[in-house]
1. Rounded to whole Hz and in sequence order, give me ³J(HN,Hα) for segment 46-61 from the Karplus expression 6.51 cos²θ - 1.76 cosθ + 1.60, θ = phi - 60°, writing x for Gly and Pro.
2. Report the label-to-label distance for GLU141 and ALA215 in nanometres (one decimal), using points 7 Å from each Cα along the Cα→Cβ vector.
3. With each run of n ≥ 4 DSSP H residues scored as -39500 (n - 2.57), what mean residue ellipticity at 222 nm is computed for the chain after dividing by its residue count and rounding to the nearest 500 deg cm²/dmol?
4. Neighbouring Cβ atoms within 10 Å as the yardstick, rank THR96, THR124, THR113, THR55 fewest first.
5. Using a Förster distance of 22 angstrom, determine the FRET efficiency expected from the C-beta separation of ARG227 and ARG48, and round it to 0.05.
6. Work out, step by step, the length gained on full extension between GLN149 and GLU65: first 0.36 nm times the residue separation, then minus their alpha carbon distance; give nm to one decimal.
7. Rounded to the nearest 5, what is the percent of antiparallel bridges among the DSSP beta bridges in the chain?
8. Mind checking the full-extension length gain between ALA83 and ARG29? Use 0.36 nm per residue of separation minus the Cα-Cα distance, one decimal, nm.
Amino acid sequence: MIRMTRRMALAMPALLAPLSARAQWAPARPLRFVVPFAAGGATDIVARVLSEPMTERLGQPVAIENRTGAGGNVGVESIVRSAPDGLSILTGTTGTLTINPHLYANMGFNPLTDLAPIGLAFATDHVLIVNPAVAAQTAAEFLALVRAQPGRLSYGSGGNGTSTHTVAELFKLVAQVDIQHVPYRGSAPALNDTVAGNVQVMLDQIASALPQIQAGRVRALAVTGARRHPALPNVRTVAEIGLAAAEATSWGAVMAPAGTPAPVI
């Protein structure tokens, strides 16, 4: 569901430290792995997948802690303010690390200087999904619908500045359509409301949207990657529907507080 790229493969050894580094440090207590969004979203899924081999390698439990709010800033700040001892780590994302500093005037921390990178964890395309009640079976029909009724439909996101917000805004800009934004405290509750029909549209990460697509609870109309996704081979890319400039991916990385010693990293 989440593709491994060459860059990611090169970064993964840093995520699970080699024997020489681990011989110099081992955690004395369980670790807290902060996800700055609600449980069930793509970032949360990746953290839970990573926590299993990390527990085995480090010899201590790695507990997932979902700290939501302010587009992920609440969870990030909880790590920034933690001791740099390797016992508190973060899943930083495109939004929390690179977009939020341009949206929030007073974050209280600087992701560039207050966090230390451990390793890239994932990169994923997004998928345009609609509630089945939306009268559009294809992307072309969807574009015709929203252009004919500007502002009538709404889309959910994981919060202001998150990838599910910025990817959707890019799509709107390129397609020249008006769809209202409804931010949530994570992509999982936004997806739940898309399934329920409280919002009608979402550009979710494929990993979290795929089960709902396969179950028929939402309809997939386009993917944002450069190529069709292997899990959704019949779903056209944004380039194939005439919106090549809407191509987008998002990513996540494992981070620690700045000042964490190199052997711990």
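FYI, it's all coordinate maths here, none of it is from the lab. All values derive from a computational prediction rather than experimental measurement. Every residue, glycine as well, gets a Cβ built from its backbone with ideal geometry; the counts of neighbours run over all protein chains shown.
1. My calculation for segment 46-61 gives 4, 4, 5, 5, 5, 5, 5, x, 5, 4, 5, 5, 8, x, 9, x Hz in order.
2. 2.3 nm
3. About -9500 deg cm²/dmol.
4. Numbers: THR96 32, THR124 24, THR113 9, THR55 16.
Lowest count first: THR113, THR55, THR124, THR96.
5. On the way: r = 27 Å, r/R0 = 1.24.
In this case the efficiency is close to 0.20.
6. On the way: separation 84, 0.36 × 84 = 30.24 nm, distance 4.11 nm.
Roughly 26.1 nm would be gained on extension.
7. Details: 22 of 36 bridges.
If I count the DSSP bridges inside the chain, around 60 percent turn out antiparallel.
8. On the way: separation 54, 0.36 × 54 = 19.44 nm, distance 1.33 nm.
This chain segment gains 18.1 nm when fully extended.
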